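Trainee: Mind having a look at this structure? Questions to follow.
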Amino acid sequence: MKRFVLAAMLASIGTLAHADVIWDNGLGADGAISGYYSSTIQNWTTYDDFALASNKTIGHVFFQMGLTSGPFNGNFTFSVYNYLGGSNVGSQVYTKSLTSADYTATSNTITSYPFGPFYDVEFDIAPLALGPGNYLVSFYGLDMDFRSPNVGGSGSFLQQFGANTPDIREGDTPFRLDGVSSDVPEPASMLLAALGLAALGASRRRKAG
């Protein structure tokens, strides 16, 4: 019985953090029209939003983009910003510069007019803990044209030229954020669990003696 109680306690604590899809913005659509910008040549930046209802920790990023020619082998910077709504980009909360050694890029079967081929790109980041709120992601500094947003989609993204105020564009950037839920239990629950484990340990020591 004591072993069962101990296992139940450990299981309940273990469920507080588990692998999860933090946000899925959808995949690129075959035959869709892609928005265009070149972050290195024309100094365009795109941002797309995501929202969190509770504490989450992001550890893996997946996105899709298209090129006029392959292969995908450029350098870029992944960043996360607070989102203030509308065209207002908030403060930067995370950034990571990547070279071709830091990510994998695999060509897929998507043909997005008038650009192609499309690539699945993914990489790990140091655990990024975020609280509830609205955020933006950006993939900037690619050494080639970045054509990820699916124009005509149900959502919207921000497109910024230089230091100008970003414009709201119709479409979606195909990306997914993976990680773990990091909801924190109430202090009273943690105290009860700790006392229960301590009592079980003391009981075993008395029995052994």
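Trainee: From the set of residues in region 116-153 that are under 12 Å from Thr46 (Cβ atoms), open to solvent by less than 20 Å² (accessible area, probe 1.4 Å) and among the aromatic types (Phe, Trp, Tyr), which is modelled with the lowest pLDDT?
Mentor: If we take residues in region 116-153 being under 12 Å from Thr46 (Cβ atoms), open to solvent by less than 20 Å² (accessible area, probe 1.4 Å) and among the aromatic types (Phe, Trp, Tyr), then Phe146 is modelled with the lowest pLDDT.
Trainee: Among the residues of region 68-104, which ones are in contact with a Leu (Cβ under 6 Å, 6 or more places away or on another chain), small (Gly, Ala, Ser) and over 16 Å from Val121 (Cβ atoms)?
Mentor: Matches in region 68-104: Gly90 only.
Trainee: Any residue at all in region 78-93 that's surrounded by 13 or more Cβ atoms within 10 Å (Cβ to Cβ) and at pLDDT below 90?
Mentor: Looking for residues that are surrounded by 13 or more Cβ atoms within 10 Å (Cβ to Cβ) and at pLDDT below 90, one finds none in region 78-93, hence no.
The values are calculated or read from the model by the stated rules, or taken from the named source; none is laboratory data. Quick caveat: nothing in here was measured; it's all calculated off a predicted structure. All Cβ positions, glycine included, derive from the backbone under ideal geometry; neighbour counts span all protein chains shown. Keep in mind that these areas ignore ligands, DNA and RNA; they rest on the heavy atoms of the full protein, side chains included. Shrake-Rupley method; radii C 1.70, N 1.55, O 1.52, S 1.80 Å.
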